[in-house]
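Take a look at the structure below.
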Amino acid sequence: MSHAAHEFLRSAAEKSADLAHRQIIRRGIDSYNAANVRGRSRFLDWEAARLRCQEIKWEAVNNLDRYLLEFEQRVKDRGGHVFWAENSEEARQYITDLATARGVRKVVKSKSMVSEEIHLGPALEKMGIKVVETDLGEYIVQLREEPPYHIVTPAMHLNRTQIADLFKEKLGDVDTDDPQQLVAAARRALRRDFFSAEMGISGANFLVADAGMIALTTNEGNGRLCTSVPRIHVVLSGIEKVIPRLQDLATLWPVLATAGTGQPITCYSTLAGGPRQPNEVDGPEEFHVVLVDNGRSELLANVEEREVLHCIRCGACINACPVFRTVGGHSYGTTYMGPIGSVLTPRLRGLDEFQHLSYASSLCGACTDVCPVRINLHHHLLHNRRDAVNASDRPWSERIGFMLWRWAVEDARRFRAAGWLARLGMRVVHRLRLDGTLLDPARPWNKNHAAPPAPAKSFRALWGKRNGNN
Ligand code: SF4
């Protein structure tokens, strides 16, 4: 078992038994669900909107080379710079070199999951550059020195009291748990950073090819400040974020907002496409776009898995996932969590190390049902399982288990006998557990769950009786 798998199981067992944590998550997702239902009802035809988004992303991903080059050319025409990073190291190096060359001491960041993916913050901090997260949720988890819990709502696992205690400890002048006053305190602190930072780093929700602009949505206006106040703006984006046309945003923006938070449209929708032009009054002096591959080209080359690149990072599949709701976002130990993380991470970081995530699913399909770009997520989880099995030697116990299972199900009498033996085994185990003989406190499953007693009769026997065969 890989180290990542071991850590996942350990953390998942701990978090699934933490009822206070589960209550916070349930409350957060319940309010998301209510907003999302209202949001979808505002569309004349939500399914038609999903279909259109799927078509746009299909066109973009299947013509990625053309649209990325078009985007690059238009950014350059306006005086911007575009850097193609094959991997995390190249992306980090470009940005840290740029920051050093320009004498940057402080960076303000709006939310960017790619920056988490390439571990940009620690690289900048190592060079003595202060990095300030400006999305409120990211700001909170940065103060706690922990990674984002969720790609859209990074501090979803915290309640108001925990945040109030944190602000009191870290910001000093705050002694309240009133949400408005807590937000005001964060705003006061962040204002100073916005106006003293030399570099702003943002992600991009979309890279618009025909306009040569990035499209960015935030709810707090922090993205707009990061992209326009510091003298250098760096955009960090995966190559799959490109879309063909500006007019595609008319569908993608409201669908992203609805799937992400249930809003009709996000509060601040920003387009940025280069450094300040001679006739403009504000904007950065320098504009850099770092296009990150980091395994995406390999995914693009895999026709069966390619549609995973359609993801617009709305987080809807994460909210819908019963496994995420139970084990929480930090248990995954990866940048992307929930169903999209379980599909994407093994592909970007290796099936060997992360194949266990393909099994962190009940395959209920709730993720696929809610995905606004109609990615067939649970099928991709199955593909990952298949590829992981084909690529590695399975343990002998697993191989023998499946051989026995196949031998049993190939013949009706053997299948019946196996069912009888299994029920007998369940009854024995149940009895031993009632006696306390099998109750091992080190095993989280035994500690937190009570197995139901084995049924007296099999489904097969009950069905036969119902049809008068017994
Ligand atoms: S896979 Fe679909 S539902 Fe999940 S984050 Fe991506 S776009 Fe949203």
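No value in this document is a laboratory result; all are computed from the given coordinates. If you're wondering where the values come from, they're calculated on a predicted model, not measured in any experiment. Glycine also receives a Cβ, built like all others from the backbone with ideal geometry; neighbour counts cover every protein chain displayed.
Couple of notes before you dig in:
- Taking Met127, Met337, Met426, Met213 and counting other C-beta atoms within 10 Å, the order from fewest to most: Met127, Met426, Met213, Met337
- Antiparallel %, DSSP beta bridges [both residues in the chain], to 5: 25 percent
- Stretch gain in nm, segment Trp58-Thr326, where the contour uses 0.36 nm per residue and the Cα spacing is subtracted: 93.2 nm
- Zone of Arg26's modelled label, taken as backbone nitrogen in segment 304-338 under 16 Å from a point 7 Å along Cα→Cβ: 320-328
- Summing Lys and Arg as +1 and Asp and Glu as -1 over all other residues whose Cβ lies under 15 Å from the Cβ of Glu280 gives a net charge of +1.
- Prolate/oblate/rounded label for segment 210-306 (Cα gyration tensor, a/c 1.5): oblate
- Between 0 and 90°, nearest 10: helix 412-435 axis offset from the chain longest Cα axis: 80 degrees
- A cut-off of 5 Å between modelled amide H atoms, ignoring neighbours fewer than 5 places along the same chain, links Asn87 with Asp293, Asn294.
- In plain terms, the chain from Thr176 to Gln162 could stretch by 3.9 nm, reckoned as 0.36 nm per residue minus the Cα-Cα distance.
- Distance between the pseudo-spin-label points of Ser397 and Ala454 (7 Å out from Cα toward the beta carbon): 2.0 nm.
- Cα lying deepest toward the dipole's positive end in the chain, options Ser196, Ala391, Ala60, charges on Cβ: Ala391
- Among the GluC sites (Glu not before Pro) in segment 105-172, those located in a DSSP loop and surrounded by at most 16 other Cβ atoms within 10 Å of their own Cβ are Glu145.
- Cα-Cα over 24 Å, subset of Lys57/Lys109; Lys15/Lys168; Lys76/Lys241: Lys57/Lys109; Lys15/Lys168
- Highest average packing first - 2-9, 274-281, Cβ atoms within 10 Å: 2-9, 274-281
- The spacing between segment 193-245 and segment 1-80, judged by their C-alpha centroids, is 18 Å.
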